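Read through the structure below, which is laid out as structure tokens, and then see the notes.
Readers should treat all values here as calculations from the given coordinates under stated rules, not as data from a laboratory. Being a predicted model, the structure only gives us computed values, none of them experimental. In this analysis, Cβ positions are derived from the backbone assuming ideal geometry, glycine residues included, and neighbour counts consider all displayed protein chains.
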Amino acid sequence: MSVKFNSSYAEDFLRGNDLKGLEAQVAAAHRAVNGKSGLGSDFLGWVSLPADYDREEFSRIKAAAAKIRSDSDILIVIGIGGSYLGARAAIEFLKGPYYNSLRDGAPEIYFAGNSISGAYLSDIMELCRGKRVSVNIISKSGTTTEPAVAFRVLRRYLEEQYGEKGAAERIYCTTDKSKGTLKKLADEKGYECFVVPDDVGGRYSVLTAVGLLPIAAAGADIDRLMQGAAKAMEIYNEPDMYKNGCYIYAALRNALYRKGKSVELLVSYEPRFTMMAEWFKQLFGESEGKDGKGLFPASVTFSTDLHSMGQFIQDGSRIMFETVVAFGESDKDITIKAETDDGDGLNFLAGRTMSYVNSKAFEGTVLAHTDGGVPNFVITVDRPDEENLGELIYFFEKACAVSGYLLGVNPFDQPGVESYKKNMFALLGKPGYEERKAELEARLK
Ligand code: PA5
């Protein structure tokens, strides 16, 4: 097992009965998830996905990624929420935040359609001038406004550059297998299509074509990613929660929530993990934040944010606990050298690696924050590679589902997301929203 969960820095904040009291609920959640019988059971396809995915499509994903790598300088991935965060998070985690400058034979990858900013999209289009561009449009529903607007703009750009037929050879569409505006358009225009399975919701879809095509185009090994997830599927299927770190994590975060800790801060000491934390925030925030309940998922990158948020965490309102994701090994490192004059007084670090210094920052912080009244969980990952990423993704997905059931919510719907959309459509004058438009405009100040 490469992903290990450690709750010992939270022990002072918990009592023996906290876990015991949740045994029956965890057992019920285990049955509901694995038996695909709980709330939102139509969206439990991700549970068996690592073993049970479409092999033919997987080969087509690899072939499309190889084609993109051979005929494109830039790949623009259009999508929002679950159709965006997983791919970006995985690429930054595996290839680093400077992937676009350091890439080795792979295309630069930019993400569009994740906001409605004209300035942001204009910048991406400027980056495309004179380069060979391909586009992967991802939308399960095929109707989401943000990606649809970006795709309209970028499709026109590609058609101007390559003609309609040439553009069609550079557009890859990841959407529903049969329905939605995007699927209809893709069929009309002859775009290559990949499927978001019916039973996998957006925020659980990183291990489908949604994440796999961009991740493979970046040059990562998606076979190993799926192998890691398949390993996790076995490990975290253990019904005895005391032998299942994923279930213990789900149970203990609920125990702390019930004691008034309403914020979970996901912490990492590696900047490459920053987008993974964004993915985590969507996974848990959209799954649990409903019916007036839920932990608020937040994130920080240390030691960077110790110089901005550290004061609050150490000393501010005692509303939070931390979950630290730490890496056992680093794939790249720098050793600090001795200097004869020792002008900066750092010779005491000579011969030490930056990873070693970082590990001491972690140990010092964990002790300081627990002293300050912040319980800490630690998830250790051996190395930041594809296999361990697959395991970590599955760990969080399963923990989220079990935790949602412990909280008593449906972890697979997102009814609250519709409110802003209806208002935006009304205010933009979309046909059918006339009454709402008048009512909203009267309230605008
Ligand atoms: O997790 C979810 O379901 C959402 O975040 C969706 O992924 C997001 O709203 C985008 O939806 P779609 O893929 O239908 O464009």
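Computed quantities for the displayed model
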item: Gained length - LEU127 relative to ALA28, 0.36 nm times residue gap less alpha-carbon distance; result: 30.5 nm
item: Over the stretch 295-445: Kirkwood hydrodynamic radius from C-alpha pairwise inverse distances, Å; result: 20.4 Å
item: For the chain, the fraction of alpha-carbon pairs in successive 20 Å shells from zero, as %; result: 24, 53, 22, 1
item: Diffusion coefficient, µm² s⁻¹, Stokes-Einstein with Kirkwood Rh over alpha-carbon pairs of the stretch 127-187 at 37 °C and 0.692 mPa s; result: 275 µm²/s
item: Exposure proxy ranking, count of Cβ atoms within 10 Å, fewest first, for PHE43, PHE93; result: PHE43, PHE93
item: Amide H contacts under 5 Å for PHE327, placed H, 5+ residues apart; result: VAL381
item: Max mean-square fluctuation residue, GNM over the chain, Cα-Cα springs under 10 Å, options VAL267, VAL325, VAL149; result: VAL149
item: The chain - percent relative contact order, Cα under 8 Å, separation 6 or more; result: 23 percent
item: Calculated FRET value between ASP223 and GLN311, using beta carbons and R₀ = 45 Å, to 0.05; result: 0.50
item: Order of THR174, THR208, THR144, THR340 under a 10 Å beta carbon neighbour criterion, fewest first; result: THR340, THR144, THR208, THR174
item: Debye, to nearest 20: dipole size of the stretch 304-399, +1 on Lys, Arg Cβ, -1 on Asp, Glu Cβ; result: 280 debye
item: Aspartates and glutamates whose Cα lies under 16 Å from that of LYS259, excluding same-chain neighbours fewer than 8 positions away; result: GLU11, ASP12, ASP18, GLU322
item: Distance violations [Cα-Cα > 29 Å] among LYS189/LYS430; LYS261/LYS422; LYS95/LYS189; LYS62/LYS179; LYS4/LYS360; LYS293/LYS398; result: LYS261/LYS422; LYS95/LYS189
item: Rounded to 5, percent antiparallel among DSSP beta bridges of the chain; result: 15 percent
item: Dipole magnitude (debye, nearest 20) for the chain, charges at Cβ of Lys, Arg, Asp, Glu; result: 1140 debye
item: Length released on extending from ILE116 to ARG352, taking residue separation times 0.36 nm less the Cα-Cα span; result: 80.4 nm
item: Along principal axes, Cα extents of the stretch 288-362, largest first, whole Å; result: 62, 29, 13
item: Backbone N within the stretch 1-27 under 17 Å of label point (7 Å from LEU367 Cα along the Cβ vector); result: 8-12
item: Neighbour-count order for GLU238, GLU146, GLU363, fewest beta carbons within 10 angstrom listed first; result: GLU363, GLU238, GLU146
item: Cα-centred dipole magnitude for the stretch 1-86, charges only on beta-carbon of K, R (+1) and D, E (-1), debye, nearest 20; result: 160 debye
item: Structure-based [θ]222 nm, the chain - -39500 (n - 2.57) summed over DSSP H runs of at least 4, per residue, nearest 500; result: -15000 deg cm²/dmol
item: Rg over Rh [alpha-carbon atoms, Kirkwood Rh] for the stretch 1-155; result: 1.09
item: Computed lengthening from GLN161 to LEU428, 0.36 nm per intervening residue step minus Cα-Cα distance; result: 93.1 nm
